[in-house]
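Everything on this sheet refers to the single structure shown next.
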Amino acid sequence: MPTTKNFTQTTEKKNLFEEIKSHKKEIIVTSVLLGATIAGVLIYKRISPKELARIKENIPCDLCTNKELSSLEATAPTATNIIEFSLGKTSTVSGHPRNLPSGHKPSEKQLEIARSLGINLADNQTYVTDYSRKIA
């Protein structure tokens, strides 16, 4: 037979679950915002002071004021507004043949590069030239 204490605990659990269900959206939004904030803080801590200073220099002063922009040209990014972060080391991947998905064909340019290097490609292959990639 259930005791008064067990009944009270069961009722409290039901009330908690009902409360969670009724505020599901708010809980999800808050969780996402909290996660984004934590990620932002962690990223901020990994940025060196030199990179942070460069970011601050590239922020247009127009963003600091409440002026309305009259045209799209004023909001278009320029080459000086683009910031590249060096989050890790880079490694060079050597050129190599790559299998293509069915129905795809290699470009003539890639076939010509492979031929000039003395590489024979199958019908479903292309040649990927050297490239650099970032390593986390």
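The values are calculated or read from the model by the stated rules, or taken from the named source; none is laboratory data. Only a predicted model underlies this, so the values are computations on that prediction, with no experimental measurement involved. Note: ideal-geometry Cβ built from the backbone for every residue, glycine included; neighbour counts use all protein chains shown.
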>> Quick check on my filter: what residues within the stretch 85-106 are among the hydrophobic types (A, V, I, L, M, F, W, C) and farther than 30 Å from Leu52 by Cβ?
In response: Val93, Leu100
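Sort through Ser102, Ser86, Ser70, Ser91 and tell me the only one that's modelled with pLDDT under 70, within 30 Å of Tyr127 (Cβ to Cβ) and among the hydroxyl-bearing types (Ser, Thr, Tyr).
Going through Ser102, Ser86, Ser70, Ser91 in turn, the sole match is Ser86.
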> So which residues in the stretch 107-129 are among the acidic types (Asp, Glu) and at pLDDT 90 or above?
Replying inline: Glu108, Glu112
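Residues checked against (1) loosely packed, with under 10 Cβ neighbours inside 10 Å; (2) aliphatic (A, V, I, L, M); (3) closer than 30 Å to Ile47 by Cβ:
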| residue | (1), (2), (3) |
| --- | --- |
| Lys89 | yes, no, yes |
| Gly95 | no, no, no |
| Gly103 | yes, no, no |
| Glu108 | yes, no, no |
| Ile113 | no, yes, no |
| Asp123 | yes, no, no |
| Thr129 | no, no, no |
| Lys134 | no, no, yes |
> Filter the stretch 107-132 for residues that are touching a helix residue (DSSP H, G or I) at 6+ places or on another chain (Cβ under 8 Å) and assigned to a loop (DSSP other than H, G, I, E, B); which is nearest to Pro49 (Cα to Cα)?
Replying inline: Thr129
